[in-house]
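**Student:** Input: one structure, supplied below.
The numbers here are math on the coordinates, done by the rules we state, and not lab data. Just so it is clear, the structure is predicted and the values come from calculations on it, not from any experiment. Glycine gets a Cβ as well: all are built from the backbone with ideal geometry, and neighbour counts include every protein chain shown.
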Amino acid sequence: MNEVSVRSHPAPQEQTVNTQRPEISVVIPLYNEEESIPELYRSLTEALEALGRPYEIIIVDDGSTDGSFPLLRQLAAEDERLKVVRLRRNFGQTAAFAAGFDHARGDIIVTMDADLQNDPRDIPKLLAKIDEGYDIVSGWRVNRQDRFLDRKLPSMIANRLISNVTDVRLHDYGCSLKAYRREVIREVRLYGELHRFIPALASQVGGAVAEVPVNHQPRRYGRSKYGLSRTVRVILDLITVWFLGSYSTRPLHVFGTLGLGSLGLGILFGLYLTAVKFLGHQDIGTRPLLLLAVLLVVVGIQLITMGLLGEMIIRTYHESQGKPIYIVREVLNGKEDRGERTAQ
Ligand code: UDP
Ligand code: MG
């Protein structure tokens, strides 16, 4: 934390009068991968030059503590198509992606890992799909080269779950090799481990998603930064994505439905017990049903209240940020083409 800042790069703004605006931005989060960097840079440059389209490579150094940054600085000094964004500490892969997206200028953004597990030669395949008109193209590691028990198995389960919950059916959410149209990524806000949900989030804002098989290699240097603990975070993030996707504009619909059900059932049991007491003249003080009735009523009221609070929060969210509850693709003969509000 108390790192005395090594003079950082000039502000990330346009000192680029002399360079052509890139069409493709490759964004790579990198954390302690010094051994992989030379090969990564070489193979990526080879693949991108072959495309014959202007490009930039954005490597986000996510607080590496090994020799990664000096090496990147050296490479960047020789190639202005390589941009290095150095974060102050390790913020995690999702944050590194977000930083990369903020610095990317290309119309198409390609993401991949720095550890040589993805193959840059797959990039043309992804771009071809984008050119077909898709907004998001996700890689599918058909022959994934990771351990089975703690990596592939949890990820198989996660892929199933995510596909079912979000209704965006992909075989491999975890693959970093993906391509996006810039407009789509701009709509997506990233928190937690959300980067793997970008296709789902993007599809919620109306993006068309495709999947293509890609190569995958075993990790050659360094080690994986993740283990099983990630699974828990991914499941929690899935709940967020599900909620944001289906109910974020009407939280009362989720909480209220549950609340009404609980309240209704509680009242029913209560009425039944009242009848037993006054019509049947029996003692109800010892009946477990009484406890259940009280619990259901209390929980029901709380859920409804929570939904109402949610409604207020959601209004603050949309109105304070001027966020409309819809997203326009385009307007024909409209006054302004900013996309959001259209005065007729
Ligand atoms: N990474 C990062 N910050 C982190 C952890 C990982 O930027 O806190 C990068 C890492 O350098 C690599 C990519 O994210 O380029 C994927 O990480 P890793 O290969 O460890 O994950 P796995 O492929 O095993 O899922
Ligand atoms: Mg990896």
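**Student:** Do any GluC sites (Glu not before Pro) in segment 42-112 lie in a loop, going by DSSP, with at most 13 other beta-carbon atoms within 10 Å of their beta carbon, and if so which?
**Tutor:** E80
**Student:** Please sort through the DSSP H helices of the chain and keep those with an alpha-carbon extent of at least 30 Å along the long axis and a Kyte-Doolittle average not below -0.5.
**Tutor:** 251-278, 288-320
**Student:** Tell me which of S229, V60, A95 sits at the most positive position along the dipole axis of the chain, charges placed on C-beta atoms (Lys, Arg +1; Asp, Glu -1).
**Tutor:** S229
**Student:** Exceeding 23 Å between C-alpha atoms, which entries from my cross-link table qualify? They are K83/K178; K83/K152; K178/K225; K129/K225.
**Tutor:** Where the Cα-Cα span goes over 23 Å, the pairs concerned are K83/K152; K129/K225.
**Student:** Run lengths n ≥ 4 of DSSP H only: what is the helix-derived mean residue ellipticity at 222 nm for the chain, with -39500 (n - 2.57) per run over all residues, to the nearest 500?
**Tutor:** -14500 deg cm²/dmol, from helical runs alone.
**Student:** Another question, then. How far, in nm, would the chain grow between L295 and F91 when pulled straight, counting 0.36 nm per residue and subtracting the alpha carbon separation?
**Tutor:** Contour length minus Cα-Cα distance gives 69.2 nm.
**Student:** Would you mind getting me the FRET efficiency between T257 and L153? Use the beta-carbon distance for r and R0 = 35 Å, nearest 0.05.
**Tutor:** It comes to 0.55.
**Student:** Work out the FRET efficiency for Y326 and V165 from their Cβ-Cβ distance, taking R0 = 22 Å, and round it to the nearest 0.05.
**Tutor:** According to the calculation, E is roughly 0.45.
**Student:** For segment 196-300, restrict the atom set to alpha-carbon positions and state the Rg and Dmax in Å.
**Tutor:** Reported Rg and Dmax, both Å: 24.7, 78.
**Student:** Next question, about the same structure. Antiparallel DSSP bridges in the chain: what percent, to the nearest 5?
**Tutor:** Counting only bridges with both partners in the chain, antiparallel ones make up about 25 percent.
**Student:** So what are the three principal axis dimensions of the chain from its Cα atoms, in whole Å, longest to shortest?
**Tutor:** Result, largest extent first: 92, 57, 44 Å.
**Student:** Something else now. Could you bin all the Cα-Cα distances of segment 219-264 into 10 Å bins starting at 0 and give me the percent of pairs in each, rounded to whole numbers?
**Tutor:** 23, 27, 25, 14, 8, 3
**Student:** For segment 153-206, with the dipole built from +1 on Lys and Arg beta-carbon atoms and -1 on Asp and Glu ones, taken about the Cα centre, which of G174, F197, V184 lies farthest toward the positive end?
**Tutor:** V184
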